[in-house]
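The values are calculated or read from the model by the stated rules, or taken from the named source; none is laboratory data. A quick note: this is a predicted structure, and the numbers were derived from the prediction, not measured. Neighbour counts run over all protein chains shown; Cβ positions are idealised from the backbone, glycine included. Surface accessibility is based on the protein's heavy atoms, side chains included, excluding ligands, DNA and RNA. Shrake-Rupley method; radii C 1.70, N 1.55, O 1.52, S 1.80 Å.
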Amino acid sequence: YPRGLKGEQIGLMSEIAGICDMYCAMTRERPYGAAASSQAALDAVRAQRGSSFSESTVDQFVQCIGLYPVGTLVELNTGEVAVVVAQNRIRRLKPRVMILLGPDKKPNPYPHTLDLLYDQSSTNDEPYAIVRALPPGAYGVEPSEFYLA
């Protein structure tokens with residue numbers, strides 16, 4: 001594409017550009033559809049692993065942006081809702097988050113950041129953990145309002 005090249009004929013930089021283009025197109029509002037969550041876009045990129053894109057290039061892409069990219073809205077094991085504000089390069093499942101909604105899903109008037117790397121205990125004495133990624137706009141929260149891209 002556009003020359004119909006496949007596999008080894010496509011250079012590494014072109015393959016990287018293709019993965020980035022696919023991911024960015026899915027995670028942005030479009031005239032014909034809503035933006036997908038970063039998690040859904042990552043799943044779609046990973047589904048192309050070994051077919052449209054090489055396995056190693058997809059793996060490196062996922063490693064670079066992490067499973068919860070900056071700007072991802074997440075729900076914690078406490079029921080609180082947070083937005084990922086920074087990655088942890090060593091432990092990708094433990095980013096820094098800003099807690100926006102309490103367990104009752106009401107806005108936190110003074111959102112604070114929490115670094116999940118340090119396994120800070122929550123009110124139930126369990127370490128904070130991400131339960132799932134949420135789509136943008138979940139619970140009326142637009143993550144882009146709370147972090148700098």
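Rounded to the nearest percent, how much of the accessible area of the chain (1.4 Å probe, protein heavy atoms only) is carbon and sulfur? Whole-percent figure for carbon plus sulfur exposure: 54. Note on segment 1-46: Cα convex hull, mean projected area over all directions, 3.9 nm². Of all the options PRO127, PRO135, PRO31, the one that moves most in a Gaussian network model of the chain with Cα springs shorter than 10 angstrom is PRO31. Under a plain spin-label model, where a point goes 7 Å from the Cα along Cα-to-Cβ, how far apart in nm are ARG91 and ARG3? It is 4.7 nm.
Relative to the longest principal axis of the Cα atoms of the chain, helix 38-47 runs at roughly 30 degrees.
Across the chain, the mean sequence separation of Cα contacts (distance under 8 Å, 6 or more residues apart), normalised by length, yields a relative contact order of 20 percent.
Legend: P(r) of segment 21-69 from all alpha carbon pair distances, 10 Å bins from 0, whole percents, reading 27, 55, 18, 1.
Considering only beta bridges that DSSP places wholly inside segment 1-107, some 90 percent are antiparallel. Per residue, the solvent-accessible area of the chain (1.4 Å probe, heavy atoms of protein chains only, all protein chains present) comes to 61 Å². Both radii come from the Cα set of segment 1-128: Rg as radius of gyration, Rh as Kirkwood radius; their ratio Rg/Rh reads 1.08. When the Cα positions of SER56, LEU12, ALA36 are compared along the charge dipole of segment 1-64, ALA36 comes out farthest toward the positive end, with charges on each C-beta of Lys, Arg, Asp and Glu.
The HN-Hα couplings worked out from phi for segment 108-117 by the Karplus form 6.51 cos²θ - 1.76 cosθ + 1.60 (θ = phi - 60°) are 7, x, 10, x, 10, 8, 9, 9, 5, 4 Hz, whole numbers, x standing for Gly and Pro. Remark: segment 61-114 projects, on average over all directions, an area of 3.5 nm² (convex hull of Cα atoms).
Per-residue ellipticity at 222 nm computed for the chain from its helices equals -7500 deg cm²/dmol, with DSSP H segments shorter than 4 residues left out and the rest contributing -39,500 (n - 2.57). When you filter the GluC sites (Glu not before Pro) in segment 1-97 for DSSP loop state and at most 15 other Cβ atoms inside 10 Å of their Cβ, you are left with GLU29. Under a Gaussian network description of the chain, with springs only between Cα atoms under 10 Å, the residue in ASN124, ASN108, ASN77 that fluctuates furthest is ASN124.
The dipole here belongs to segment 6-149: it is taken about the Cα centre, uses +1 on the Cβ of Lys and Arg and -1 on the Cβ of Asp and Glu, and is about 160 debye. The magnitude of the dipole of segment 38-108, with charges of +1 and -1 set on the Cβ of Lys/Arg and Asp/Glu and taken from the Cα centre, is near 220 debye.
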